[in-house]
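FYI, it's all coordinate maths here, none of it is from the lab. Bear in mind the structure is a predicted one, so any value in this text is a computation, not a measurement. Here the Cβ positions follow ideal geometry from the backbone for every residue, glycine too, while neighbour counts run over all protein chains shown.
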């Protein structure tokens, strides 16, 4: 269950950063903030933590998803019997690739 909480806390933190900072700073302020390697790391680390968590604890996530889908009809309507461990692993890899793409885009000067 700790893996589940760690993932959702990292996703929540990333959402607050990636949505809140551009709204608070404006587009130019946000991109200039990301020019600093420390701030870029602060923005990317939650994505990496979430991705690694999903990959490392994919079986735990699958079990929690299955149990929660059994308990909640609205969730069962979305995920059926629950997602497989493989699905969680692929989602984790997608988060890691997203983090790499953000860093590469910043280095290339795309934003």
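In table form, for the structure just shown:
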| quantity | calculated |
| --- | --- |
| So residue 82, is it in contact with a helix residue (DSSP H, G or I) (Cβ under 8 Å, 6 or more places away or on another chain) and at positive phi | yes |
| Residues being touching a helix residue (DSSP H, G or I) at 6+ places or on another chain (Cβ under 7 Å) and either without any contact (Cβ under 8 Å) to a residue 24 or more places away in the chain or surrounded by 17 or more Cβ atoms within 10 Å (Cβ to Cβ) (or both) - total across the range 86-95 | 5 |
| 3 or more residues under 27 Å from residue 105 (Cα atoms): qualifying helices (runs of 4 or more DSSP H) within the range 1-85 | 2-15, 21-33, 37-56 |
| Whichever residue in the range 54-84 is crowded, with 16+ Cβ neighbours inside 10 Å and touching a residue at least 24 places away in the same chain (Cβ under 8 Å) and, among such residues, is nearest to the chain's Cα centre (by Cα) | 54 |
